[in-house]
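Have a look at the structure below before the remarks.
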Amino acid sequence: MPILTLESTCDETAAAVIADDGAVLGQCIATQESLHERFGGVVPEVAARAHLERLLPVIDTAITQAGVTADDLTAIAVADRPGLAGSLLVGVVAAKTLAVAWQKPLVSINHLHAHLYACQMASGQSVYPAIGLVVSGGHTSLYHCTSPLDLEYLGGTIDDAAGEAFDKVGAMLGLGFPGGPAVSRLAGEGNPKAHAYPRSMIGESGYRFSFSGLKTAVRYTISPPPAKEVSADHLDRQAKADICASFQAAVVDVLVRKSVRAIKQYRAGHLIVGGGVAANPALRDRLREASEKHAFRLVIAPPELCTDNAAMGAIALEKIKRGEFAGLDLDITAGLQR
Ligand code: KG4
Ligand code: ZN
């Protein structure tokens, strides 16, 4: 019997219908990229209003695609944390309303745990125990995971998230929003050694990350001080590509080094990697090389499960197996939760 999963933590409105064996029977994702592009970042109020308009048609599409009716569903699951308050509220209120109207149990989903669960979905066998790396627009975090639902936070960014740094570099270079995919494409044409950018905290023993110094270094390459405004108009395509490649190499170096260190410290057999930045081809290649060199198994979420989606809400099935349901008093937990 299938479940319905909802995702509205940031700027994608998504729903999926998932069978009890984890098969995704139907899903729909409405992206808001075009709405936020002119602001150069996600505007929370705009995101919440767009979720409100889109969520019901998105649910309808997922259910129709799956060929089921409300009667067939056994539970309604929703990402209730972490994320933008207004965005989360739309999903949680919709899920609670459907749970009451259709008399179904409610299940809450931690969005970050779901990003990592995308790896379990892609792998034929258990990936636990594992070190989990979540690299997204809002998070850069390492976990020690003993099951899909048991995650110990090891450390994360103290300033910008990796995806946020990609987006800001993309914006400074005039590459549009979100910058991650555009920066990663242009990096393919550039020289990663053109600029010696900082690898902050790479030698630190813990699992903290910092990308704001790197972002500032990129800013100074584009518009050296004392320029107050950043403009990349004077740079040709090759110069931009070199900046992208050098920036990307710095991010990837730090992510790979810290992940490998965690794998060794915790003697975890697997490294699992999820979140939007996990779609980055350079990161995927370097992680693959590291897994061969240091002999650990690597599962990176497939690109379509990296950026926000409701299919990874299949993690709700694990909660149902444990009998972990939410009450109708379910509230959102916004912010940059671990
Ligand atoms: O997981 P996600 O869809 O949303 C959050 O939960 O934050 O991640 C979105 C982030 C954005 O910052 C986007 O620029 C980045 O993932 N991203 C990438 C790539 N594709 C998406 N960053 C680098 N390279 C990519 N290919
Ligand atoms: Zn996400």
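Being closer than 16 Å to Gly276 by Cα and either assigned by TED's automatic domain parsing to the domain that holds Leu149 or of a type in the set (Ser, Thr, Tyr) (or both) is the filter here; which residues of the stretch 83-121 pass it?
Within the stretch 83-121, just Tyr117 meets the criteria.
Please count how many residues of the stretch 307-338 are more than 17 Å from Leu89 (Cα to Cα), of a type in the set (Gly, Ala, Ser) and in a loop (DSSP other than H, G, I, E, B).
Of the residues in that region, 1 qualify.
One residue is enough: does the stretch 298-320 have a residue meeting the conditions away from ligand 2 (no atom under 16 Å from the Cβ), exposed (fewer than 14 other Cβ atoms within 10 Å of the Cβ) and acidic (Asp, Glu)?
no
Can you pull out every residue in the stretch 44-59 that is in contact with a strand residue (DSSP E or B) (Cβ under 8 Å, 6 or more places away or on another chain) and among the charged types (D, E, K, R)?
Within the stretch 44-59, Arg54 is the sole residue that qualifies.
Buried (at least 19 other Cβ atoms within 10 Å of the Cβ) and either closer than 15 Å to Ala14 by Cα or away from ligand 1 (no atom under 16 Å from the Cβ) (or both): which single residue out of Val90, Val100, Val68 fits that description?
The match here is Val90.
What do you reckon, is Tyr153 touching a Phe, Trp or Tyr at 6+ places or on another chain (Cβ under 7 Å) and either more than 16 Å from ligand 1 (Cβ to nearest atom) or not in a helix (DSSP H, G or I) (or both)?
yes
Please determine whether any residue of the stretch 213-224 is assigned to a loop (DSSP other than H, G, I, E, B), more than 22 Å from Gly138 (Cα to Cα) and modelled with pLDDT of 95 or more.
Yes, the stretch 213-224 contains a residue that is assigned to a loop (DSSP other than H, G, I, E, B), more than 22 Å from Gly138 (Cα to Cα) and modelled with pLDDT of 95 or more.
Would you tally the residues in the stretch 33-52 being of a type outside the set (Gly, Ala, Ser) and either in contact with a Leu (Cβ under 7 Å, 6 or more places away or on another chain) or surrounded by 14 or more Cβ atoms within 10 Å (Cβ to Cβ) (or both)?
So the count comes out to 9.
Got a sec? Which of Ser210, Ser184, Ser200 is out of contact with any strand residue (DSSP E or B) (no Cβ under 6 Å at 6 or more places or on another chain) and within 23 Å of Leu305 (Cα to Cα)?
Ser184
Among the candidates Gly176, Gly137, which residue alone is surrounded by fewer than 19 Cβ atoms within 10 Å (Cβ to Cβ), at pLDDT below 95 and touching a Gly at 6+ places or on another chain (Cβ under 9 Å)?
It is Gly176.
For residues in the stretch 114-146 being of a type in the set (Ser, Thr, Tyr) and in contact (Cβ under 8 Å) with a residue 40 or more places away in the chain, which is farthest from ligand 1 (Cβ to nearest atom)?
Checking each candidate, the answer is Tyr128.
Just one of Tyr220, Tyr197 is in contact (Cβ under 8 Å) with a residue 24 or more places away in the chain and over 17 Å from the mean Cα position of the chain (by Cα); which is it?
The match here is Tyr197.
Among the numbered criteria (1) more than 10 Å from ligand 1 (Cβ to nearest atom); (2) under 19 Å from Arg81 (Cα atoms); (3) in contact with a Lys or Arg (Cβ under 9 Å, 6 or more places away or on another chain); (4) of a type in the set (Asp, Glu), which single criterion is violated by Glu164?
(1)
Per-residue answers, yes or no, for (1) loosely packed, with under 15 Cβ neighbours inside 10 Å; (2) touching a residue at least 24 places away in the same chain (Cβ under 8 Å); (3) under 26 Å from Gly275 (Cβ atoms):
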site: Arg208; (1), (2), (3): no, yes, yes
site: Thr216; (1), (2), (3): yes, no, yes
site: Pro225; (1), (2), (3): yes, no, no
site: Glu229; (1), (2), (3): yes, no, no
site: His234; (1), (2), (3): yes, no, no
site: Ala239; (1), (2), (3): no, no, no
site: Ile243; (1), (2), (3): no, yes, yes
site: Ala250; (1), (2), (3): no, yes, yes
site: Leu255; (1), (2), (3): no, yes, yes
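Anything in the stretch 257-301 that is more than 9 Å from ligand 1 (Cβ to nearest atom) and either in the same structural domain as Ile63 (by TED's automatic domain parsing) or at positive phi (or both)? List them, or say none.
Correct list: Arg267, Ala295.
Which of the residues that make up the stretch 134-150 are within 16 Å of Ser200 (Cα to Cα) and either assigned to a loop (DSSP other than H, G, I, E, B) or small (Gly, Ala, Ser) (or both)?
Residue satisfying the conditions is Ser141 alone.
Can you find a residue in the stretch 1-11 that is over 23 Å from Pro105 (Cβ atoms), acidic (Asp, Glu) and buried (at least 22 other Cβ atoms within 10 Å of the Cβ)?
yes
The values are calculated or read from the model by the stated rules, or taken from the named source; none is laboratory data. Being a predicted model, the structure only gives us computed values, none of them experimental. Using ideal geometry, Cβ is built from the backbone for each residue, glycine included, and neighbour counts are taken over all protein chains shown.
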